[in-house]
Amino acid sequence: QNAEEIVAKHIAAIGGDAWTKVEAVKSEAKISADGAPGMSIGMSMTTVRDRSLRMDVAVMGMTQTTVLNGNAGWSTNPFMNQMDPEPLTADQVKMMKDMTDVDGTLIGYKAKGYTLEYVGTEDVDGTEAIKIKINKGEKRAEYSFIDPKTYFEIKSIRVEEVDGKQTETAVLYSNFKTQDGLVIPFTIQQSDPMMGGSTITVTSIAVNPLIDMKLFDMPTK
């Protein structure tokens, strides 16, 4: 199998050129965490392509905020008694920059300097998925698992080094819906070595909303 051809089919299946018109995305979601059954957790995320990202996670009346703004970022974490905004580390900034890639790793992979490798097939919850390795350089790689019937990505594994530790994060995608010509998974199950397992259920997505860029500024202490 040819990795480039498989990825071309995948890109066509999820909206193709429609993704090039996406400059910003705002989404709202509910999170259920394996470590906190029954707890109501809300998440709001605003992303400006290749530039900025703000993620607010609200639980028990407190909000944890993580922001990337250009080449720097900041965060607050009231759950760890960190009320004042603190700068992100260089590795955290690099990781967040990946997340400003609004159309994902595979769209425009050549322009991003990534290379692809077909590495066979693997069972993903009963689907014999096509497995593609994306070499991203700088000790970073990603594995994409593509359903051979729909050509949707149903799983990804990210391998990277963050603050001196190698991390591996697995994500399952399902409940695909079409919006503004884009095919988007509305259910995302994450398995994070530090955070444990969680399921994100997207409740709304706005494509190219008006965004006040002050949203990304670090507040003064």
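The values are calculated or read from the model by the stated rules, or taken from the named source; none is laboratory data. Predicted, not measured: the structure shown is a model, and the values here were computed from it. In this analysis, Cβ positions are derived from the backbone assuming ideal geometry, glycine residues included, and neighbour counts consider all displayed protein chains. Please note that ligands, DNA and RNA were not included when accessible areas were found on the heavy atoms of the full protein model with its side chains. Shrake-Rupley method; radii C 1.70, N 1.55, O 1.52, S 1.80 Å.
Structure values in brief
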read-out: Single unsatisfied condition, ALA111 versus (1) touching a residue at least 12 places away in the same chain (Cβ under 8 Å); (2) within 27 Å of PRO209 (Cα to Cα); value: (1)
read-out: Residue in region 120-127 that is in contact with a Phe, Trp or Tyr (Cβ under 6 Å, 6 or more places away or on another chain) and modelled with pLDDT of 95 or more present; value: yes
read-out: Members of region 26-40 that are closer than 25 Å to ASP212 by Cα and open to solvent by less than 30 Å² (accessible area, probe 1.4 Å); value: SER27, ALA29
read-out: Residues of region 2-17 satisfying the condition of being among the acidic types (Asp, Glu) and under 17 Å from VAL102 (Cα atoms); value: ASP17
read-out: Residue within region 88-109 that is open to solvent by 40 Å² or more (accessible area, probe 1.4 Å), assigned to a helix (DSSP H, G or I) and closer than 19 Å to ILE188 by Cα present; value: yes
read-out: Residue check, GLY113 assigned to a loop (DSSP other than H, G, I, E, B), farther than 23 Å from GLY137 by Cα and open to solvent by 40 Å² or more (accessible area, probe 1.4 Å); value: no
read-out: Count of residues meeting criterion [open to solvent by 40 Å² or more (accessible area, probe 1.4 Å), farther than 22 Å from LYS131 by Cα and either of a type outside the set (S, T, N, Q) or touching a Lys or Arg at 6+ places or on another chain (Cβ under 7 Å) (or both)] in region 175-190; value: 3
read-out: Residue match in region 124-131 (condition: open to solvent by less than 60 Å² (accessible area, probe 1.4 Å) and in contact (Cβ under 8 Å) with a residue 40 or more places away in the chain); value: yes
read-out: In region 139-163, residue farthest from LEU116 (Cα to Cα) [restricted to those that are more than 18 Å from the chain's Cα centre (by Cα) and in contact (Cβ under 8 Å) with a residue 40 or more places away in the chain]; value: ASP163
read-out: Region 22-50 residues that are on the phi > 0 side of the Ramachandran plot, paired with ones that are in a loop (DSSP other than H, G, I, E, B) (beta carbon under 9 Å, 6 or more apart); value: ASP50/THR100; ASP50/ASP101; ASP50/VAL102
read-out: Any hit, region 73-82, residues being free of Cβ contacts under 8 Å to residues at least 24 places away in the same chain, in a strand (DSSP E or B) and under 16 Å from ARG51 (Cβ atoms); value: yes
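Matching residues to (1) over 21 Å from TRP19 (Cα atoms); (2) crowded, with 18+ Cβ neighbours inside 10 Å:
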{"site": "GLY137", "(1), (2)": "yes, no"}
{"site": "GLU142", "(1), (2)": "no, yes"}
{"site": "ILE154", "(1), (2)": "no, yes"}
{"site": "VAL159", "(1), (2)": "yes, no"}
{"site": "TYR173", "(1), (2)": "no, yes"}
{"site": "ASP192", "(1), (2)": "yes, no"}
{"site": "ILE200", "(1), (2)": "yes, yes"}
{"site": "LEU210", "(1), (2)": "no, no"}
